[in-house]
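Could you have a look at this structure, given as structure tokens, before my questions?
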2 protein chains.
Amino acid sequence: MAPSLLTTPSQALALAPGAAASRVGGGGGGGSARRRGALGMRVRASVAIEKETPESEPPPTFLREDGSGAGSGSVRERFEAMIRRVQGEVCAALEEADGSGARFVEDVWSRPGGGGGISRVLQDGRVFEKAGVNVSVVYGVMPPDAYRAAKGEAGKNGAAADGPKAGPVPFFAAGISSVLHPKNPFAPTLHFNYRYFETDAPKDAPGAPRQWWFGGGTDLTPSYIIEEDVKHFHSVQKQACDKFDPSFYPRFKKWCDDYFYIKHRNERRGLGGIFFDDLNDYDQEMLLNFATECADSVVPAYIPIIERRKDTPFTEEHKAWQQLRRGRYVEFNLVYDRGTTFGLKTGGRIESILVSLPLTARWQYDHTPEEGTEERKLLDACINPKEWLDL
Amino acid sequence: MAPSLLTTPSQALALAPGAAASRVGGGGGGGSARRRGALGMRVRASVAIEKETPESEPPPTFLREDGSGAGSGSVRERFEAMIRRVQGEVCAALEEADGSGARFVEDVWSRPGGGGGISRVLQDGRVFEKAGVNVSVVYGVMPPDAYRAAKGEAGKNGAAADGPKAGPVPFFAAGISSVLHPKNPFAPTLHFNYRYFETDAPKDAPGAPRQWWFGGGTDLTPSYIIEEDVKHFHSVQKQACDKFDPSFYPRFKKWCDDYFYIKHRNERRGLGGIFFDDLNDYDQEMLLNFATECADSVVPAYIPIIERRKDTPFTEEHKAWQQLRRGRYVEFNLVYDRGTTFGLKTGGRIESILVSLPLTARWQYDHTPEEGTEERKLLDACINPKEWLDL
């Protein structure tokens, strides 16, 4: 599982049987007769899944009452409600900070197999060059191979479906994912993503346990280090973590530094934050509350920084350096980010997957900032991650 | 084998035993004591290979007289001479076309295991935004896995080293690789790459045959279709092909359309040209002459187009569309190009590998050019490749 994995319907969709085959060769459309049958949690081996279908407006819930969790007070239901509330609140706060009257454009879609998503994008505002905030809620079944791939090689939760005889695995995945690129080179880029995943017992192993896990994180990518801002950002992350477990912030801060690593550059893409994955070794209610707390921390962690920096004067040189760092962002997302690379390989709504890319980016041959410059200071902190707080 | 595979020393270097391990975690330097011993074709299992070493000037040849081919009149030697001559001629023609007095900057390096390379980059000229022309000549040994990876899954030449007991494989790889990005949106981007590869029998299979193959191609990526230019470009490719075999142009034109395919977009990155790989089922001298003819066709295929379009008036809208197409170029190179992705994964001189990326690029959410526009016409031709010549 990765930051943006399962944040578009197509990404989870691709986990369903037949999806890969139906997408080979690309194809911009294909048959899209919507099938609204009671397919929710039933095992549907060798059923080809169509592409997502555009919808005119968001439904009250992407869940159904046929066993997918609607009306049950389940974690699924509450997680969906949380991410949809947070999507609305974050978008409202961003529109207000942008202050130009620019509004998020919304794209809603459903998928025949179950679930759907809402993409919201604000482009070319006064403050934000490109801001995307997506939610998706998808469910169905996936083949055992996809299940193992989604769990990663570590596979510490892999008891149920890893047996040689395991069949297709019913799954549920919901998440919110967002990347916010401001125009001003002193205003940092923010990424956050929170997701919840469930699998049921494979069809042919009814005694195996149901599994669930949480993942996510929030991380900051400035072009220049303004200590006040970086410390504010990290302290809000720490406060959210500390409400639940004192080990969370140091552990998830390091995990974040390790994850957002551009190996071929030996650099992180930014100054980190928190990141966690496959989290299930705590009380489920506690982790739902923790994910909610983290998602609710996005606005207080980020908006004050934007307010302070959105009108800072800058030169062409500052802008060119920001553009070079945006190039690194593109490199990370296209080469390493597991959600993006998985999404690209398995097809789907490409505009939602690639909304994380900046509006513009730059690659300059052999550019190394000089010692002692602010640009070099940022690069050094990307090479050697720092502790920003007194722990 | 892929367009830019083995065009930097690090890419072939990475094929040598221990290279991957020595690069885990990146590391911007590392020990670089140069070892000039007689390591040429000897099998050196489990020897860690250092990174490339910068050199102050290019040597007369990167070959040595210890068996690597210097002074023998071998195909290796003549191929190196050809790509170095072509590098000089192409750079001179580009400097003249640029007309600003801007000159290519040269970086030379060697690698302790054998061989080296020359990168030449012209950045921010009057006509060219970024132009890179690299040659490399590398040799050593590679583990059987790397050998199979380099040969691709098709593996039609894989007789010698595919057996379960195959040991490290002595190899030689040389190539020229270039990407030229002009500023004017009506002046197309050009990519070309020609390479020659040899393997010897694995150490433990002395009776197995020595193998060799050629690969390469030249392809054009305009932002706007100017039929005169596209036809000129393709007709020069066809003329070069027709001198050797009438089947070459149609076969390599289709191969090119198939290779430069951005699967997640269902688009080619441009309007093609020629591409071939693993070519060894013709006379070796004939193929050396063919690769030479193709490389010598770069200047007559491209420079007249640049001369015609370098000063064409354009608007901000034309430039923005060019930038969007540059975004597609970045997507292809970072996600699909086998040389680039192999180079990134195995470490090496990252600036040489990524010199193919444009100076600037753009990603705009959900941008689709309107029917009937010139932008849509280009996109349609990228989705449905056309025949540009009357065959």
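Provide a list, ordered by number, of residues in the range B:296-340 showing at least 30 Å² less accessible area with every protein chain present than when their chain is taken on its own, using a 1.4 Å probe.
Listed in order, they are B:LEU334, B:VAL335.
Still on this structure, please answer the following. If the cut-off is a Cα-Cα distance under 12 Å, which aspartates and glutamates reach B:LYS183, setting aside same-chain residues fewer than 8 apart in sequence?
Excluding near neighbours in sequence, the set is B:ASP98, B:ASP124, B:GLU129, B:ASP311.
As an exercise, use a Förster radius of 56 Å and the Cβ-Cβ distance of B:GLU387 and A:SER72 to find the FRET efficiency, rounded to the nearest 0.05.
0.40
So if I restrict to the alpha-carbon atoms in the range A:310-388, what is the Rg, and what is Dmax, the biggest pairwise distance, in Å?
Over the range A:310-388's Cα set, Rg and Dmax evaluate to 15.3, 45 Å.
Once all Cα-Cα distances of the range B:166-269 are split into 5 Å bins that start at 0, what whole-number percent is in each one?
That works out to 2, 10, 14, 18, 17, 12, 10, 8, 4, 3, 1, 0, in percent per bin.
Turning to a different aspect of this structure: Could you compute how much accessible surface B:PHE244 exposes when probed at 1.4 Å, giving the result in Å² to the nearest 10?
Surface open to solvent at B:PHE244 totals about 60 Å².
Still on this model: Which whole-Hz couplings ³J(HN,Hα) result when phi for each residue of the range B:312-327 is put into the Karplus expression 6.51 cos²θ - 1.76 cosθ + 1.60, θ = phi - 60°, listed in order with x for Gly and Pro?
Working through the residues one at a time gives 5, x, 8, 9, 4, 5, 4, 5, 5, 5, 4, 5, 5, 5, 5, x Hz.
Hey, got the average number of other protein chain Cβ atoms within 10 angstrom for residues in A:266-275?
Shielding by partners across A:266-275 averages 1.
Between B:ASN289 and B:ASP380, what FRET efficiency follows from the Cβ-Cβ distance if R0 is 25 Å, with the result rounded to 0.05?
0.10
Between A and B, buried accessible area summed over both sides at probe 1.4 Å, in Å² to the nearest 100?
Buried area between the two chains comes out at roughly 3200 Å².
What number comes out for accessible area per residue over the range A:263-391 if the probe is 1.4 Å? Units Å², please.
That works out to 38 Å² per residue.
At 1.4 Å probe size, what's the solvent-accessible area of A:LYS386? Round to the nearest 10 Å².
Ignoring ligands and nucleic acids, A:LYS386 comes out at about 80 Å².
Residues with amide H under 5 Å of B:ILE262's amide H, sequence separation 5 or more or different chain, H placed in the peptide plane at 1.01 Å from N; which?
Long-range HN contacts for B:ILE262: B:GLU267, B:ARG268, B:ARG269.
Net charge within 9 Å of A:ALA173 by Cβ-Cβ distance, Lys/Arg positive one each and Asp/Glu negative one each, not counting A:ALA173 itself?
Charge balance in the 9 Å sphere: 0.
Using a 10 Å cut-off on Cβ to Cβ distances, tally the other chain neighbours for every residue of A:351-362 and report the average as a whole number.
Partner-chain Cβ atoms within 10 Å, mean over residues of A:351-362: 5.
Could you check how many percent of all C-alpha pairs in the range A:224-313 are farther apart than 16 Å?
59 percent
From the protein chains alone at 1.4 Å, what is the descending order of accessible area for B:LYS263, A:LYS130, largest first?
Output order, biggest surface exposure first: B:LYS263, A:LYS130.
Straight-line reach only, C-alpha to C-alpha below 16 angstrom: list the aspartates and glutamates that A:LYS377 could link to, leaving out same-chain residues fewer than 8 apart.
Qualifying aspartates and glutamates at Cα under 16 Å: A:GLU227, A:GLU228, A:ASP229, A:GLU267, A:GLU317, A:GLU387.
Additional query: Once the whole set of protein chains is in place, how much accessible area is left on B:GLU375, using a 1.4 Å probe, in Å² to the nearest 10?
Its heavy atoms expose roughly 40 Å² to the probe.
Order B:GLU317, B:GLU96, most accessible first, counting only protein heavy atoms with a 1.4 angstrom probe.
Of B:GLU317, B:GLU96, the descending order of accessible area is B:GLU96, B:GLU317.
Ignoring ligands, DNA and RNA, what percent of the 1.4 Å accessible area of the range A:271-388 is carbon and sulfur?
The computed percentage sits at 49.
Still on this model: Return the long-range amide H neighbours of B:SER223 (sequence gap of 5 or more, or a different chain), with a cut-off of under 5 Å between placed amide H atoms.
Residues meeting the criterion, in which the H sits 1.01 Å from N, are B:THR189.
Shifting gears a bit: Taking θ = phi - 60°, what integer Hz values does the Karplus form 6.51 cos²θ - 1.76 cosθ + 1.60 yield along the range B:53-61, in sequence order, with x for Gly and Pro?
Values, residue by residue: 10, x, 10, 7, 8, x, x, x, 8 Hz.
Now, a different point. So, in Å, what gap is there between the alpha-carbon centers of the range A:278-307 and the range B:217-278?
The range A:278-307 and the range B:217-278 have Cα centres separated by 51 Å.
To continue, here is another question. Could you sort B:TRP109, B:TRP255 by their accessible area in this structure, using a 1.4 Å probe and putting the largest first?
The residues order as B:TRP255, B:TRP109, largest area first.
Related question: List, in the order given, every pair from A:LYS386/B:LYS263; B:LYS310/B:LYS345; B:LYS130/B:LYS319 whose Cα-Cα distance in the structure shown is over 27 Å.
As for pairs spanning more than 27 Å Cα to Cα, those are A:LYS386/B:LYS263; B:LYS310/B:LYS345.
The values are calculated or read from the model by the stated rules, or taken from the named source; none is laboratory data. As the structure is a computational prediction, the values presented were derived from the model and not from experiment. Every residue, glycine among them, receives a Cβ derived from its backbone with ideal geometry; neighbour counts consider all protein chains shown. Note: areas computed on protein heavy atoms with side chains; ligands, DNA, RNA excluded. Shrake-Rupley method; radii C 1.70, N 1.55, O 1.52, S 1.80 Å.
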